[in-house]
Amino acid sequence: MQAIYEECRGILGDQPTPATLTRAVAAAARIAEEVWRDLQDESPKYDCQKGCSWCCHQTVMVTGPEVVAVAAFIRETYSPQEVRRLRALLAGRTEEIAGHSTGERLENSLACGLLDSDACSAHPARPLLCRGGFSSDVGFCEALFRNFSATLAEVTSGQREEPFLLVPKTLFNSAQLGMATAVREFGFRCPPLELTAALKIALDHPDTGDRWLADESIFAQSELQKIDGSYVTSGL
């Protein structure tokens, strides 16, 4: 986390810009990925692979700089028609997920707005916490998707163990925290946001980065609120 903080702080310079925010997020991801590659052999084997998307139906917690970075990637790589189609999808999905916890999203098959044909349509720029999600048992992930409440009860009672790998989860959580800490030094709150809802807002404004730097409340309606122990958004 300290190394990522120092790298991001150096990139941001005297005053962040949309370009340096995107570079800082990329640096945080790069450093964490490098460390994870070195540690993979010491961790349990994981079942995750392209086409496995059970986990892409849960709440994705991101920060403003990550949303700015994902939106920049989409504008650079999608055609105008693809951007319009994605904006429409994100708008509809934002309404669907409003007020729903991860469990409710799983049980109602409410996927992340970036999921396309069981793959992330912005995979190279995916958020930090998405990068740290690994499971050693795809069957457990499918069970969570098909019956979240029952599977969670089995974990609580000790009948099942969660198969999620601790090392990458801790590593990429720390990467997000290190990057956000560097940004917060400029007076930004960097509250947790829900990816789909925040990205919908970002793609509605071509100058999202500048808007966020001028007033980070641009993403206020996508901020995650903890209600009865679960994170939800109010929606738009």
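The values are calculated or read from the model by the stated rules, or taken from the named source; none is laboratory data. Computed from a predicted model, the values in this text were never measured in an experiment. Neighbour counts run over all protein chains shown; Cβ positions are idealised from the backbone, glycine included.
What's the number of the only condition in (1) under 26 Å from I74 (Cα atoms); (2) modelled with pLDDT under 95; (3) buried (at least 19 other Cβ atoms within 10 Å of the Cβ) that F148 fails to meet?
(1)
Being closer than 26 Å to T208 by Cα and either out of contact with any Lys or Arg (no Cβ under 7 Å at 6 or more places or on another chain) or of a type in the set (D, E) (or both), is that true of even one residue in the range 130-145?
yes
Here is a list of conditions, (1) of a type in the set (A, V, I, L, M, F, W, C); (2) more than 14 Å from the chain's Cα centre (by Cα); (3) crowded, with 20+ Cβ neighbours inside 10 Å, and L166 meets all of them except one; can you say which number that is?
Going through the list (1) of a type in the set (A, V, I, L, M, F, W, C); (2) more than 14 Å from the chain's Cα centre (by Cα); (3) crowded, with 20+ Cβ neighbours inside 10 Å, L166 breaks only (3).
What is the one condition in (1) at pLDDT below 95; (2) part of a helix (DSSP H, G or I); (3) surrounded by 16 or more Cβ atoms within 10 Å (Cβ to Cβ) that A175 does not satisfy?
(1)
Does D137 satisfy the criteria of being within 21 Å of K45 (Cα to Cα) and of a type outside the set (G, A, S)?
yes
Which helices (runs of 4 or more DSSP H) does the range 1-86 wholly contain that include 3 or more residues that are under 26 Å from H100 (Cβ atoms)?
64-77
Please go through (1) surrounded by 14 or more Cβ atoms within 10 Å (Cβ to Cβ); (2) out of contact with any strand residue (DSSP E or B) (no Cβ under 7 Å at 6 or more places or on another chain) for F219 and return the number of the only condition it doesn't satisfy.
(2)
Just one of (1) part of a helix (DSSP H, G or I); (2) in contact (Cβ under 8 Å) with a residue 40 or more places away in the chain; (3) of a type in the set (S, T, N, Q) trips up S109, so point out which.
Condition not satisfied by S109: (1).
For the condition more than 18 Å from the chain's Cα centre (by Cα) and basic (K, R), what is the one hit in R126, R93, R131, R146?
R146
Which of the residues spanning the range 184-196 are in contact with a Leu (Cβ under 7 Å, 6 or more places away or on another chain) and surrounded by 24 or more Cβ atoms within 10 Å (Cβ to Cβ)?
Within the range 184-196, L193, E194, T196 meet the criteria.
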